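Written out below as structure tokens is the structure these notes cover.
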Amino acid sequence: MHISPVLWQFLVKWLTNSALFPREASTIAPYADALYFFLLLITIAGLALVGALVFGFSIRYRKERNPVATQVEGSTLLEATWTIIPLALFLVCFVWGALLYFRIYNPPTNAMNIYVVGKQWMWKAEHPGGQHEINNLHVPTGRPIQLTMISQDVFHSFSIPDFRVKREVIPGRYSTVWFEATTPGTYHIFCTQYCGTKHSGMIGEVTVLTPEDYKKWTEGSTSGMSLAQNGERLFASMGCNACHTGDAASRGPSLAGVYGSKLRLASGSEVLVNEAYLRDAILNPAQHITAGYAPIMPTYQGQISEEGLIDLVEYLKSLKTNYRVQQTLTTSESNQAAPMTPGVVKP
Amino acid sequence: MSSHPHDPANVTNPEHAEHRIVQPGTYIAVYIALLIFTGITVGAAFIDLHIFNPIIALAIACLKGVIVILFFMHVIFQSKLIKMTVGAGFFTFLILVAMTLTDYMSRSWGLW
Amino acid sequence: MDNTIVATHDIHAEEHHHVSLPQHRHHFETAEQQREAGTFGMWLFLLTEIMFFGGLFFAYLLYRNWYNPAFVAASNQLSIPLGTANTAILITSGFFMALGVWAAEVRKQGLLVLFLLLTTLFGFVFLGVKYVEYAEKFEKHHVPGASFDISEFVNPPINQKTGKPIEEPLSPDMARKTQVFFSLYFAMTGMHALHMIIGIFLLGWLTWRAQRGDFSSGYVAPIENFGLYWHFVDIVWIFLFPLLYLINRHPGS
Amino acid sequence: MSTTSSTIVNLPDQRTATLPKRNYLNAEDGLLSWLLTGDHKRIAMLYLISITFFFFIGGIFAGLIRLELLTPQPDLVASDTYNKLFSMHGIIMVFLFLVPSVPATIGNFVIPIMIGAKDLAFPKINLLSWYLYVVGGIMTLAALVLGGVDTGWTFTTPLSTHYLNTHVVTTGLAIFVAGFSSIFTGLNFIVTIHRMRAPGMTWFRMPLFVWSHYAASILMVLGTPVLAITLVLVVLERTIHIGVFDPSLGGDPLLFQHLFWFYSHPAVYIMILPGMGVISEIISTFSRKRVFGYTAVAFSSVAIAVFGFFVWEHHMFIMGVSNYSALVFSLLTMLVAVPSAIKVFNWAFTLQKGSITFETPMLYAFAFIGLFTIGGLTGVFLGSLGMDIHLTETYFIVAHFHYVMVGGMLMAFLGGVHFWWPKMTGRMYPESISKLSAVTSFIGFNLTFMPQFILGYLGMPRRYHAYPAEYQVLNVLSTAGATVLGIGFLMPLIYLTWSLKYGAIAGNNPWQATGLEWQIQSPPLTENFIETPIVDYEAYDYEWLAHKTEQEVTTVG
């Protein structure tokens, strides 16, 4: 037997470069793997049991050895056994799986928020400091990262197998996922929900850096404007500050400190103001009228991109006082440059 | 074929019911009831009863539907099998509604 | 082949108090079994219809809760007189269908044909009224699609007497959701009307067979089963009417 | 028949045996007599031919997909072609093969005979459902020829409604039409099973095959219309933008998912339940023993059908549904796994104290039990919420449902075709080559899909045209397996066709089985029974059969 050295080298390279088990690169991964191995154990045990029964009986009771069958009606005891034991095992899987699910989908409160916008066929990441990335995501180790994600067109799904996290990215609604990377390196990002022609090209890389490297990276790749600063500019140019002046007599409610508060709506219900609420209130104001205000806000649907909305949301999150709103307003008024509110309909 | 009279169990079994001809009198009564209920439904819509408006409207609609099913469609005179079949249809529809609503109703409970 | 079966079943006739009919199919033991199988089959088909409309009803339920003001405003665009009249017309049509089943059972051919014709007539009237309603929606640009117009919901016409808008004005984003209402309105009533049209075709065929005398000798299964279908279509409308026309008809609340 | 032989096959003397002079195959001649037939057996054969055709069309697509995935780069076809390949593979296999496979062919053929009826309750509707199937199939083919469709078989909105330029409407309507074929088949079965049973054929004397079809028929009748209306809405959304599923007009794309999976999860049970029925028949016949725990197996079919309606949301766990609702659905998903476990153990214990022989159908049944166990238990991975996050939308889920659908359903279908082949055609299939094909497809199948579990845990997403290089080895293994599997599936096509002419004459009851269908001639008469049978024995009563055979021998002797 002689294998040509070229072929041999190729084979060795090909086989050694293959993967059999994903890396564990987030704090969630060990938890997911534990459940995986438990489920694997059940599967193998179940298969072994069924296999042993089938093969055992086939050998013991084959026609040559047992020419005449003995009729057996059944056994309630046995039926109960193989109802209750699988049920118990499956319930364990359910509880364990549910705990893991809530671990993966409940971000810790101190998580750093990064926005992700999915569109055919790319991922855009926006860091709060204004760093933009395409098909790439830089994150530090040792810090929980929350991704707030939205799609501009169809369903996508943001998956990092080595972190064992995945979440569908939905058009028209924020969805979130979080992770805490443990090992520096680069890891695959996949879009796992079929999203059209170049679905398999909608891939990217997470670059996990040590906190020091991450700091260097943030400084090196900033665009000079944070998301909130962009949002402030947009807030003025869309004319939001014309109504949301922060005065007690203004036509729109004051927005300072609104993020995270409980708001009473005109419909009587009380809501918690989060990113999703802010986004929705800009696009569909009629369903989110604050109690005591008239439904006069026009919709901005189709006038702001998802990125713009993210900027606005970040700005509103950072808005603690109305001081700067009023300052901007005075400046723009003195410049006679107050932009028209788009699409205003006279009540 | 003719040497075997059909299974006597068929006559007593729950899948079988004696055929019955419904007389026009019943139909007329049902017809008048349906018209009256239609009137009530329209009338009730003009009175402000808050949350009870849709409830009353649906209750009357269900009542009318049940009357039609029972009398026009003869279900009241039919075998248990047919009654269960009708029930099964509406039950499955309820599953569709109720189980889907578990999602829609609890979506805003959490932060996700 | 037919003859032999009829002959054998003539002996059966006294036994089961049933007359054997040429329509009896060879694979059924008795005519009664055939009849019950037919009814049961028809009911199973109606189950599929329940689930078919069920999907639409669920979509309606969801969006009515999400966009209630839009649904109220859009629903008030529908004409109650026409809707009520149509409900009464359809119930009448169903009533004549029920009488038709009775006429077939008691083997009155003339009455049966008359009732079937009346059923058809009221079916046509219903569709006619529906056509008038649809035409109005087209004129007002309330048909979902590119030409859909929300201005009437944003700026409702002014009532001359009171000087106030006849409807609560909607903000543009909510007004846009009226399109969802009209989509469901057209989907549901359209699907219902489609069932009516299919039904009317079947009615024509049944009337033709009835005047030929097919159903005058005790064989009533087609009439009975079609009756089930027609009543089911009635029931769908009985639910559609309050859900689509009567969401909120008490202005000022 | 010697007691020590390793087979139960009991064929008539081949030198004198002939096929019955009158049977359903030669009752009438000419193409029209087939196309206008009301005979459930002829319709079953029409179905058998048409689903085999579509199976191989779908299979060709599968082959092309595996060929493309041999290398990480997109080199064989372009991306949109690849997307069309897997979409057409899914649509054809699910709607035109798996859903009608066992019910419309084997079920159609044997259910009326099993319960002692002359035909299904509504022969014309049965024929209509075949025509609907054909129309649906032709429309699918038309969509294919005109340029295909690339939505995936799930038609996810808003992708299918707003972003693709392929033949979504044609395909959607094709599935709508094919769906009604399935509704009518189910309706026919339910009425037949309720109203057409022979005297003495009580519910608990029915073969388990009939029970499982009854359960599947309920799902067909109640689930399919929801798919139909959903597809109508998709078509309307696509053509006139009604906005029901469009987030930019206020619709909720998740509503589509709910309605779609409300059918498509029960559809999984529509596909697998009839297969389970086949396995019950085969296991019992070849171990000469009544199915262990008959009532438990019968009721577990019904339980699967009922629970099947309560679990659809497990396809949507990561899609942004409410987490509380996900909890409920995950719990219910765990419950629906239990009846399947009950069935597997009951089959295994049917073997105990039996007198087992290993003819081809039995090999397929063994393959089914093993593969279905893997498929079922890997389903628990996906039903378990936290694990689902990592595994869903990867090759793990692809492997899982192929283990259930191909490893389970297709093995059952092939087992069933071999088992009832002598009844359908009057001739035996060649035994040794068919054993070879069973073993070949078993090995090929595992080689194809076992690596995909590993790929899935690695994170390789499904529906990917190109993939990272480190996944290549496993993909090559999978493609190699697919080649073997393809051969395993081609072999039956060839030798079964061959056996139509050259197979050994089977006689009435080659397997010494107890079902009513084995007590009549093969192939059966158009009317099935010369006189209506009166059933006075339980299902799978081999002592009754032995007694009956003895009597016949005495009478003849």
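Bear in mind that the values in this text are calculations on the coordinates, not laboratory data. Being a predicted model, the structure only gives us computed values, none of them experimental. So basically every Cβ, Gly included, is an ideal-geometry build from the backbone, and we count neighbours across all protein chains shown.
With each run of n ≥ 4 DSSP H residues scored as -39500 (n - 2.57), what mean residue ellipticity at 222 nm is computed for chain C after dividing by its residue count and rounding to the nearest 500 deg cm²/dmol?
Helices in chain C give a 222 nm mean residue ellipticity of -24500 deg cm²/dmol.
Step through the residues of region B:80-86 one at a time and calculate ³J(HN,Hα) from phi using the Karplus curve (6.51 cos²θ - 1.76 cosθ + 1.60, θ = phi - 60°), rounding each to whole Hz and writing x for Gly and Pro.
4, 4, 5, 4, 5, 4, 4
222 nm [θ] for chain D, helices only, -39500 (n - 2.57) per DSSP H run of 4+, per residue, to 500? Intermediate values should be presented prior to the final figure.
Values: 17 runs with 344 residues, N = 557.
Calculated from helices alone, the mean residue ellipticity at 222 nm is -21500 deg cm²/dmol.
Over chain D, what is the relative contact order in whole percent, taking alpha-carbon pairs under 8 Å and six or more residues apart? Could you put the intermediate results ahead of the total?
On the way: 942 pairs, mean separation 111.9, N = 557.
Relative contact order, chain D: 20 percent.
For region D:36-556, how many pairs of lysine residues have a Cα-Cα distance under 24 Å, where the two are 8 or more positions apart or belong to different chains?
Taking region D:36-556 as the scope, the lysine pair count is 18.
Taking θ as phi - 60°, what are the ³J(HN,Hα) couplings along region A:283-296 by the Karplus curve (6.51, -1.76, 1.60), each to the nearest whole Hz, with x for Gly and Pro?
Coupling constants for region A:283-296: 7, 10, x, 4, 8, 9, 6, 5, 4, x, 10, 7, x, 10 Hz.
Indicate, rounded to the nearest 5 percent, the antiparallel portion of the DSSP beta bridges found entirely in chain A.
So the antiparallel bridges amount to about 70 percent of the total.
Where nothing but the Cβ of Lys and Arg (+1) and of Asp and Glu (-1) is charged, how large is the charge dipole of chain C around its Cα centre, in debye to the nearest 20?
Value, rounded to 20: 880 debye.
Hey, fewest Cβ within 10 Å first, where do B:Met105, D:Met45, D:Met276, D:Met206 land in order? Intermediate values should be presented prior to the final figure.
On the way: B:Met105 14, D:Met45 21, D:Met276 31, D:Met206 24.
If I rank by nearby Cβ atoms, fewest first, I get B:Met105, D:Met45, D:Met206, D:Met276.
Report the residues of region D:401-444 in range of a label on D:Tyr502: point 7 Å along Cα→C-beta, backbone N strictly under 19 Å from it.
D:422, D:425-438
Lys and Arg at +1, Asp and Glu at -1: add these up for the other residues within a Cβ distance under 12 Å of D:Tyr540 and post the number.
-1
Mind listing the phi-derived Karplus ³J(HN,Hα) values for region A:202-217, rounded to whole Hz, using 6.51, -1.76 and 1.60 with θ = phi - 60°, and x for any glycine or proline?
8, 10, x, 9, 8, 9, 9, 10, 5, x, 5, 4, 4, 4, 4, 4
Checking a compactness column here: for the protein assembly as shown, what do you get for Rg(Cα) / (2.2 N^0.38 Å), N being the number of residues?
For the protein assembly as shown, the normalised Cα radius of gyration comes out at 1.00.
Which aspartates and glutamates does A:Lys63 reach when only Cα atoms under 16 Å apart count, and residues fewer than 8 places away in its own chain are ignored?
Candidates past the 8-residue exclusion: D:Glu359.
Once R0 is set to 41 Å, what does the formula 1/(1 + (r/R0)^6) return for the Cβ-Cβ distance between B:Val97 and A:Ala88, expressed as a FRET efficiency to the nearest 0.05?
0.80
Filter chain D for me: DSSP H helices, axial length by Cα at least 15 angstrom, mean Kyte-Doolittle hydropathy not below -0.5. List them by residue number.
Helix filter hits for chain D: D:40-68, D:79-91, D:123-145, D:168-195, D:208-240, D:253-287, D:294-307, D:323-351, D:360-383, D:411-425, D:431-458, D:472-502.
Suppose every Lys and Arg Cβ carries +1 and every Asp and Glu Cβ carries -1, with no other charges. What dipole size does region A:112-220 come out with about its Cα centre, to the nearest 20 debye?
With only Lys, Arg, Asp and Glu charged at Cβ, the dipole is about 260 debye.
Can you return the aspartates and glutamates within cross-link range of C:Lys140? Criterion is Cα-Cα under 17 Å, with same-chain partners fewer than 8 residues away left out.
Partners found: C:Asp149, C:Glu152, C:Glu167.
Where the centroid of each part is defined by its Cα atoms, how far is region C:216-248 from region D:466-545 in Å?
45 Å
Report, please, the projected area of chain C averaged over directions, based on the convex hull of its C-alpha atoms, in nm².
So the Cα hull casts an average projection of 16.8 nm².
If amide H atoms are built 1.01 Å from N in the plane of the peptide, which residues on other chains or at least 5 residues away come under 5 Å of the amide H of A:Asn136?
Hits under the 5 Å cutoff: A:Ala125, A:Glu205.
Please report the net charge: other residues with Cβ closer than 9 Å to the Cβ of C:Thr189, K and R +1, D and E -1.
Here the count lands on 0.
Dipole magnitude of chain A about its Cα centre, charges +1 at Lys/Arg Cβ and -1 at Asp/Glu Cβ only, in debye to the nearest 20?
That gives chain A a dipole magnitude of about 480 debye.
Average the reciprocal distances over every distinct pair of alpha-carbons in region D:36-556, invert the result, and give the Kirkwood radius in Å. Let's see the in-between values first.
On the way: mean 1/r = 0.0426 Å⁻¹.
Final number for the Kirkwood radius of region D:36-556 is 23.5 Å.
Separation of region D:329-359 and region D:265-313 by C-alpha centroid, Å?
9 Å
Using Cα-Cα distances under 8 Å and only pairs 6 or more residues apart, what relative contact order does chain A have, in percent?
With pairs under 8 Å counted, the relative contact order is 14 percent.
Return the distance in nm (one decimal) between the two label points of a simple spin-label model at C:Leu194 and D:Glu470, each offset 7 Å from Cα along Cα→Cβ.
A separation of 5.1 nm, rounded to one decimal place.
Any lysines with Cα under 20 Å of the B:Lys64 Cα? List them, leaving off those in the same chain fewer than 8 positions away.
The reachable lysines, counting only those whose Cα sits under 20 Å from B:Lys64, are B:Lys83.
Using Cβ counts within 10 Å as a stand-in for footprinting exposure, how do D:Ser330, A:Ser226 rank, fewest first? Display every interim value, and only then the final one.
Values: D:Ser330 25, A:Ser226 19.
Fewest to most other Cβ atoms nearby, the residues stand as A:Ser226, D:Ser330.
Within 10 Å of each Cβ in A:3-11, how many Cβ atoms from other chains are there, averaged over the peptide?
Counting other chains' Cβ atoms within 10 Å and averaging over A:3-11 gives 0.
How many angstrom lie between the C-alpha centres of region D:134-192 and region D:79-118?
When both Cα centres are located, 13 Å separates them.
I need C:Ile223, D:Ile125 ordered by Cβ neighbour count within 10 Å, fewest first.
Ranked by crowding around the Cβ, least crowded first: D:Ile125, C:Ile223.
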